[in-house]
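Have a look at the structure below before the remarks.
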Amino acid sequence: MAVRGRHRRYQPNRINRASLTVTAGGAGMALPLIGTGVAHAADVDTWNKVAACESTNRWHVNTGNGFYGGLQFAQSTWEAYGGTRYAARADLATKDQQIAVAEKVLDGQGPGAWPLCSVRAGLTRGGDTPDIQPAGITQETAKKTPKTSVQDVQPQTTPQSRAGKAEMYTVVHGDTLSEIADAQEVKGGWRGLYAANRKAIGSDPDLILPGQRLAMRGKAATTTEPAPTTKSPPKKTTSEPQEQATTSSRSLVAPVSAATGTPYRKAGSSWSKGYHTGVDFAVPTGTSVKSVGAGQIVSAGWEGSFGYQVVIRHADGRYTQYAHLSAISVKDGQSVGPGQRIGRSGSTGNSTGPHLHFEVRTGPGFGSDVDPVAYLRSGGVRI
């Protein structure tokens, strides 16, 4: 889609598909690190080209954007593919160690793990094995180290207390409240699960930590979230109305807590339809993006000029699109509730800077847009 303003023609970016695959609500699978050589390999020169595209060959870069090292690993990717055997983060590892982990990502996910830079660098499966010597791993040690299985590196729960169905659940890496609630058939869904465990989780239902023990049943799990126990009515803040889920007077929430930028139907010859098909929210990379209403995920992944996107079908027959994301927290077919986090904002695809492109459509595809601001306002959202 040729665009103007906050959108631009193709430019490489540093968000890699490897980071999304292992963090998107369990959509990915961690594969074991079983040695330095694999069938789907690439030589050092090719990895140098990928690094030049991703980080301008700064193998120890940490800009604070959530991606580390010359090949811009997300922390979850680094951990899932055995990187912590070398260093806590990719930027703290040597070049050879980063390439060794990248070989595992290439084997598990293919060159699409670096969707833009792999094309520029000519990264493909089946190349020459790189001539590398990760520090601390000798050929003799590698021979003595037994190979692990996929099950060995899967996240494992601690023993659960069970009486037909689990009464307690221990959070593991990659879990979300919605997935736990669905799997354990918690009454009230993720909201009921959050209400039952709010003291343990804290104020942010998106933030659950490995090792936390969550109650699956009981009185609290069947009740709605209690009102704050204060003597006077809670004070309103600029973000609170948009952070809440449904209320008696609203059926929708805003996708982010921010003012609008480029408006819907702004005319321009650079847009393929002759106008802007959605509305932009100027938010920094990493901002939590929420589903505006209850629905089902029909698309979650890469979509050309939109970058990483999520499309949701709602009960009223409308579809909402959330584009240019830096991370995705849901997967195709998953049910979501209003206010549930589905990803984080970014600048992927054709974009001049971090923002959220939000559309409302009568169908799942491009070209069926309607006024997104009017849609949100009809559901009680103040914009």
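The values are calculated or read from the model by the stated rules, or taken from the named source; none is laboratory data. Since the structure is predicted, the reported quantities are computational estimates derived from the model, not experimental observations. So basically every Cβ, Gly included, is an ideal-geometry build from the backbone, and we count neighbours across all protein chains shown. Please note that ligands, DNA and RNA were not included when accessible areas were found on the heavy atoms of the full protein model with its side chains. Shrake-Rupley method; radii C 1.70, N 1.55, O 1.52, S 1.80 Å.
At 0.36 nm per residue, minus the direct Cα-Cα distance, what do ALA267 and ASP182 gain on full extension? Give it in nm, one decimal, please.
So the chain would gain 26.2 nm between ALA267 and ASP182.
Please give the net charge around THR129, taking every other residue with its beta carbon less than 10 angstrom from that of THR129, where Lys and Arg add +1 and Asp and Glu add -1.
Combined, the nearby Lys, Arg, Asp and Glu give -4.
I'd like the distance separating the alpha-carbon centroids of the range 258-332 and the range 89-118, in whole Å.
29 Å
Based on the mean of other beta carbon atoms within 10 Å per residue, what is the order of 295-301, 203-209, most packed first?
Result, highest mean first: 295-301, 203-209.
Using mean Cβ contacts within 10 Å as the protection proxy, how do 59-69, 367-377, 186-196 order, highest first?
Order by mean packing, descending: 186-196, 59-69, 367-377.
Summing Lys, Arg as +1 and Asp, Glu as -1, what charge do residues with Cβ under 12 Å from the Cβ of SER329 carry, SER329 excluded?
My count for the surroundings of SER329 gives +1.
Which pairs break 26 Å Cα to Cα here: LYS290/LYS331; LYS187/LYS290; LYS104/LYS331; LYS199/LYS290; LYS49/LYS331; LYS266/LYS290?
LYS49/LYS331
On the full set of protein chains, 1.4 Å probe, figure out the accessible area of GLU185 and give it in Å² to the nearest 10.
In the full protein context, GLU185 sits at about 120 Å².
Could you calculate the contour length gain from ARG213 to VAL370, that is, 0.36 nm times the residue separation minus the distance between their Cα atoms, to one decimal place in nm?
Answer, rounded to one decimal: 52.2 nm.
For ASP131 and ALA259, FRET efficiency with R0 = 56 Å and r from the beta-carbon atoms, rounded to 0.05?
0.60
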